[in-house]
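Below: one structure, written as structure tokens.
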Amino acid sequence: MKNFDGKVLFLDRSDINTDEIIPAKYLTEITKAALKPYLLEDLKLAGFDPKKDVSGKRAVVTRENFGCGSSREHAPWALEVNDINVVFAVNFARIFRQNMSNCGMLAAEMTKEDIDDIFNNFGGKETVVKVNINDKTAEFSASGKSKNYNFKITDFDQALIEAGGWVDFANKRY
Amino acid sequence: MGKTIAEKIFDAHLVDEPFEGAYALKLDAVFCHEITTPIAIEDLKARGIDKVFDPNKIKAVIDHVTPAKDSKTAEQGKIMREWARRHNIKDFFDIGNNGVCHAIFPEKGFVRPGYTIIMGDSHTCTHGAFGAFAAGVGTTDLEVGILKGVCAFKYPKTIKFELTGSLRPGVYAKDVILNIIKEIGVNGATDCVMEFTGSVISDMSMESRMTLCNMAIEAGGTVGICYPDSKTVDYLWDFIKNDYKDKESAIKEYSKWVSDKDAEYEKIVKIDVSKIEPSVTFGYKPDQVKTVAEMKGTKVDQIYIGSCTNGRIEDLRIAAEVLKGNKISPSVRGILSPATPLIYRTAMKEGIIDIFMEAGFCVTNPTCGACLGMSNGVLAEGEVCISTTNRNFNGRMGKGGMVHLASPATAAASAITGEITNSKLYKGGEK
């Protein structure tokens, strides 16, 4: 299973689409690694600089409908090659969420209240998250203060994450 | 309790439930293009399982960047070509025969009512216009589809859109779907099937239904779906005439792919289309929609007519009606990309290409290129394009560019004036 713990990147906006996560002009790459420098290059978000803000982060916290738009699995891959394997949001676009699980990555849904609470308590601070996939909880910590939150993933998503992806599973079963 | 059309298609294709809440469906077709398929092919090769579940059910095209613009896109095309040859995939459309996937696959008769289809492309929702369950997926789902002919989904929830009234002249399916997205928002149908019903849909051509269903994903919808009817049968007749003794028996057979009256819906949205004016997007999200009248006078640098949304013959005919006898403004660039070779040739025979060229348009080969800023019409920083495509995301047609989504009539009228303008075909008055 992948690592889901580490420093948090806060993206305080809803409806961040896959063109913003990885622009189409980079879809001509045949390796995942080649996507690394371009993550969130076209993100429209005041104060955000992908060149400075992505480095060293291991998790994303955002608002609603993350990953809407294109079906490109390059979006999760661009996160993955930057060692970001978990995104917390109120909800995800269907294809993006499925792509995350198919890659063994975690698209964790939280209530709007909890996402608001995380932004209020930790937004703008150097924050670290620790994920417990069995309990479906995430502990956020900053400047000595910690708080636990529940998240939701389907049994299907959890099984795929634990199995390490859909191809091996399906190849054996069908 | 009755069932929706999507539930009926699920029940008819269910293989098993690998996990609680996940339904693995048998696929009737897997569509492929050169942007999302090569990585799946390479991964299958690396795993030592370079196989396809059924070469007759895989349909492939090179459409996003064609002809290749550089070594990387040439390589993507090469991987597709060699793969299609290796596996004897007969329905593979390469240069000379290729067109935008969601236009050429229906045109070739590959979509039928009740089908399950996946493709590594979010606008696969277009094919729901035929009463099919057709969904965009990522490369991993595509890979499993190619290998095993199955794909897993959650059981479908459906939002029903009851469209009443009649469209004013000069108002089109594009204006309807923009207004639906405006009403429910870009997250309004996430994880839901969008079922379009009502006499407005019955009156719409298959081309218009495809335009409508094409943008379901822009509200988060898994697929946009219309019930099959006589128009569906007329469109498909050349491909199905040996299977049915007459059109009536085909319509009867397909009528099983209609929701029951007591089907359960997530939500029912009623929309009176008589109130809809020609519309256009204004921001970076497809739910940011205003009337053309409200946006009137906004200067544009480029006009793009084409794509899986509005690059079909009906769209070209409408735009030509607006352009005929006019020149485009000297301050703009006009680009037309007919979505398939057949559309291109039909437009030539009908004199439509001549009207576009006489007006000052550049006519490119069929390709997705400009819509996603890949080729054939990329915007420069600060440039504005009115486009018949489906996405106005930041950077979509080129870094720093602005895209206003509109119908072919509005795009053509705006080409003449150089600013966002209502077409002469619209006679409904402006609020």
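See the values below:
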quantity: Sole residue being surrounded by fewer than 18 Cβ atoms within 10 Å (Cβ to Cβ) and more than 25 Å from B:Arg168 (Cα to Cα), chosen from B:Met374, B:Met357; calculated: B:Met357
quantity: Selection from the range B:94-133 of residues that are within 14 Å of another protein chain (Cβ to nearest Cβ) and of a type in the set (Val, Ile, Thr); calculated: B:Ile117, B:Ile118, B:Thr124, B:Thr126
quantity: Residue in the range A:144-162 that is β-branched (Val, Ile, Thr), within 18 Å of A:Arg58 (Cα to Cα) and surrounded by fewer than 16 Cβ atoms within 10 Å (Cβ to Cβ) present; calculated: no
quantity: Matching option when the condition is touching a strand residue (DSSP E or B) at 6+ places or on another chain (Cβ under 8 Å) and in a helix (DSSP H, G or I), among A:Leu43, A:Leu79, A:Leu9; calculated: A:Leu79
quantity: Search result, residues across the range B:270-316 that are outside any strand (DSSP E or B) and among the hydrophobic types (A, V, I, L, M, F, W, C); calculated: B:Val273, B:Ile276, B:Phe282, B:Val292, B:Ala293, B:Met295, B:Val300, B:Cys308, B:Ile313, B:Leu316
quantity: A:Asn102 vs. criteria more than 23 Å from A:Asn121 (Cβ to Cβ) and not basic (Lys, Arg); calculated: yes
quantity: Residue in the range B:318-329 that is touching a residue at least 60 places away in the same chain (Cβ under 8 Å), within 13 Å of B:Thr388 (Cα to Cα) and crowded, with 18+ Cβ neighbours inside 10 Å present; calculated: yes
quantity: Verdict on A:Ala107 being more than 17 Å from B:Leu142 (Cα to Cα), part of a helix (DSSP H, G or I), at pLDDT 95 or above and touching a helix residue (DSSP H, G or I) at 6+ places or on another chain (Cβ under 6 Å); calculated: no
quantity: Within the range A:118-135, considering residues that are surrounded by fewer than 16 Cβ atoms within 10 Å (Cβ to Cβ) and free of Cβ contacts under 8 Å to residues at least 60 places away in the same chain, the one nearest to A:Asp12 (Cα to Cα); calculated: A:Asn120
quantity: Total residues in the range B:165-179, condition touching a helix residue (DSSP H, G or I) at 6+ places or on another chain (Cβ under 7 Å) and crowded, with 24+ Cβ neighbours inside 10 Å; calculated: 5
quantity: Number of positions in the range A:8-22 that are at the interface with chain B (Cβ under 8 Å from one of its Cβ atoms) and touching a His at 6+ places or on another chain (Cβ under 7 Å); calculated: 0
quantity: Test result for B:Ala319, under 23 Å from the mean Cα position of the chain (by Cα) and outside any loop (DSSP other than H, G, I, E, B); calculated: yes
quantity: Some residue of the range A:88-103 being away from every other protein chain (no Cβ under 14 Å) and within 30 Å of B:Tyr23 (Cβ to Cβ); calculated: yes
quantity: Members of the range A:158-174 that are acidic (Asp, Glu) and either facing chain B (nearest Cβ under 7 Å) or outside any helix (DSSP H, G or I) (or both); calculated: none
quantity: Only listed residue being in a helix (DSSP H, G or I), aliphatic (A, V, I, L, M) and either closer than 23 Å to A:Asn91 by Cα or more than 14 Å from every other protein chain (Cβ to nearest Cβ) (or both), chosen from B:Val186, B:Val200; calculated: B:Val200
quantity: Number of the exception - B:Val137 against (1) under 30 Å from B:Phe282 (Cβ atoms); (2) assigned by TED's automatic domain parsing to the domain that holds B:Val111; calculated: (1)
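This table checks each residue for (1) assigned to a loop (DSSP other than H, G, I, E, B); (2) under 25 Å from B:Met119 (Cβ atoms); (3) within 14 Å of another protein chain (Cβ to nearest Cβ); (4) out of contact with any helix residue (DSSP H, G or I) (no Cβ under 8 Å at 6 or more places or on another chain).
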position	(1), (2), (3), (4)
A:Asp83	yes, no, no, yes
A:Asp114	no, no, no, yes
A:Lys125	yes, no, no, yes
A:Asp135	yes, no, no, yes
A:Phe140	no, no, no, no
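Yes/no per residue for (1) within 28 Å of A:His74 (Cα to Cα); (2) in a helix (DSSP H, G or I); (3) in contact with a Leu (Cβ under 6 Å, 6 or more places away or on another chain); (4) within 12 Å of another protein chain (Cβ to nearest Cβ):
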{"position": "B:Ala135", "(1), (2), (3), (4)": "yes, no, no, yes"}
{"position": "B:Leu142", "(1), (2), (3), (4)": "yes, yes, no, yes"}
{"position": "B:Ile146", "(1), (2), (3), (4)": "yes, yes, no, yes"}
{"position": "B:Ile159", "(1), (2), (3), (4)": "no, no, no, no"}
{"position": "B:Arg168", "(1), (2), (3), (4)": "no, no, no, no"}
{"position": "B:Val171", "(1), (2), (3), (4)": "no, no, no, no"}
{"position": "B:Asn179", "(1), (2), (3), (4)": "no, yes, no, no"}
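The values are calculated or read from the model by the stated rules, or taken from the named source; none is laboratory data. Model, not experiment: these values are computed from the prediction. Every residue, glycine as well, gets a Cβ built from its backbone with ideal geometry; the counts of neighbours run over all protein chains shown.
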